[in-house]
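Rule-based calculations on the coordinates, nothing more; no lab input. Just so it is clear, the structure is predicted and the values come from calculations on it, not from any experiment. Quick reminder, even Gly has a Cβ in these numbers, built from the backbone with ideal geometry, and neighbours come from all protein chains shown.
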Amino acid sequence: MTGDNPVLAAIRSRRVVRAMTDQRLPRQTLEQILDAGRWAPTAGNRHLQRFVASDDSGTLRALRMVSPGMLQRPVAVVAVCVDRALAVDFGFARQAHSLSVDVGTAAATLLLAAHALGVGGGPVTSFSRAAAAAVLGTPQGWTPEFLVCLGYPAPGGPAPMRRGRRLTWRDLTVWAPREGA
């Protein structure tokens, strides 16, 4: 039911890419993906999320060593970070769980932008935050929370974990009671 809506069509056709070629991404493409990320919705328009990008092969190799969830071999990575010092300045607790919402919207936006540009993307949350921060040289106060792996899709790779039929929105939704019902 996407009709002619290109956004809904992109959402339905985007997949996690677990196998990537070694073809480098043009810097302009990576910058377009990062620019899209800045448009992700944020709480109060505060933009407490920050990005650390790398397309350096040595950095990516080191990052894979501290990221057991990084099954693919990306040619670029964007770490979605939280600027903890800025969050505290805005009145958030340093470890406020609500900061994860901005990380999630930024990550989803980056992944969708990559797909729109013909670039495969894969999320990674299984990594050592301290080690990733050291490998990426994140600025003081920034904490990497989510890695977006980027590269051109390659054939093969691990198959999606499927259990039976594809779920529908109805399988995932319950309606809250209506007033007076």
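Between Glu179 and Val88, the contour length at 0.36 nm per residue exceeds the Cα-Cα span by 28.9 nm.
Here the sum of -39500 (n - 2.57) over DSSP H runs of 4 or more residues, divided by the residues of the chain, equals -9500 deg cm²/dmol at 222 nm, to the nearest 500. What residues of the range 5-47 lie in the reach of a label at Asp171, counting those whose backbone N is under 12 Å from a point 7 Å from the Cα along Cα→Cβ? Output list for this probe position: empty. Mind sorting out which of (1) 16.0; (2) 18.2; (3) 17.7 is the real Kirkwood radius over Cα pairs in Å computed from the coordinates? Identified label for the calculated read-out: (3). When each of the peptides 84-96, 108-120, 28-40 is scored by the mean number of other C-beta atoms lying within 10 Å of its residues, the order from highest to lowest reads 108-120, 28-40, 84-96.
Quick one: divide the alpha-carbon radius of gyration of the range 71-160 by 2.2 N^0.38 Å and tell me what you get.
1.19
The Ser98 and Arg24 beta-carbon pair, evaluated with R₀ = 41 Å, returns a calculated FRET efficiency of approximately 0.65.
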